[in-house]
Amino acid sequence: MGELKHSRHCVGGSSYHYQFTPKYRQPVFWGMGTRKLVGAVIRMKLAAMGIVLGAIEFGPDHVHLFLINCEKYTVPEIARQLKGFSSYYLRTKLSKSTQNQTILLSVDHVVNREN
């Protein structure tokens, strides 16, 4: 986690702290099932993007992500990819009876941590 990336022109790293919140800050992350499902969906998308997930922590109405080695993508692009994929995946995979409880994420804040 503390290693620097080397390229022809620079040495460094790029990591970000994202905080996503559900629509209207509803406390939807109380249950472990919801936390596991959302965590798995986020891990799936980050793996496909080639971004390392340093940590993921849930509060009752938000989720914190610490992303490492994300220099290929801009901050808004990562947020758009995670929000879009998680929303699509959760809406299509959940049954009709639980769709009105679908979690719609929005970016609360992003902190850039460059080494």
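The values are calculated or read from the model by the stated rules, or taken from the named source; none is laboratory data. Note that the structure is a prediction, hence the values are computed from the model and not measured. Cβ sites come from the backbone with ideal geometry, for glycine too, and all protein chains shown count toward neighbours.
Annotations
- Of the numbered criteria (1) crowded, with 16+ Cβ neighbours inside 10 Å; (2) without any contact (Cβ under 8 Å) to a residue 12 or more places away in the chain, the one P76 fails is (1).
- Taking the criterion of being within 19 Å of E77 (Cα to Cα) and out of contact with any strand residue (DSSP E or B) (no Cβ under 7 Å at 6 or more places or on another chain), the residues of the range 43-66 that qualify are M44, K45, A47, A48, M49, G50.
- Of residues in the range 68-109 being among the β-branched types (V, I, T) and closer than 30 Å to L4 by Cα, the one modelled with the highest pLDDT: I78
- Checklist (1) at pLDDT below 85; (2) buried (at least 17 other Cβ atoms within 10 Å of the Cβ); (3) in a helix (DSSP H, G or I); (4) not charged (D, E, K, R) applied to V38, failing item: (1)
- Scope the range 1-35; condition surrounded by fewer than 16 Cβ atoms within 10 Å (Cβ to Cβ) and of a type in the set (A, V, I, L, M, F, W, C); matching residues: M1, L4, C10, V11, W30, M32
- Selection count where residues are part of a helix (DSSP H, G or I) and either within 13 Å of the chain's Cα centre (by Cα) or among the β-branched types (V, I, T) (or both), scope the range 2-35: 2
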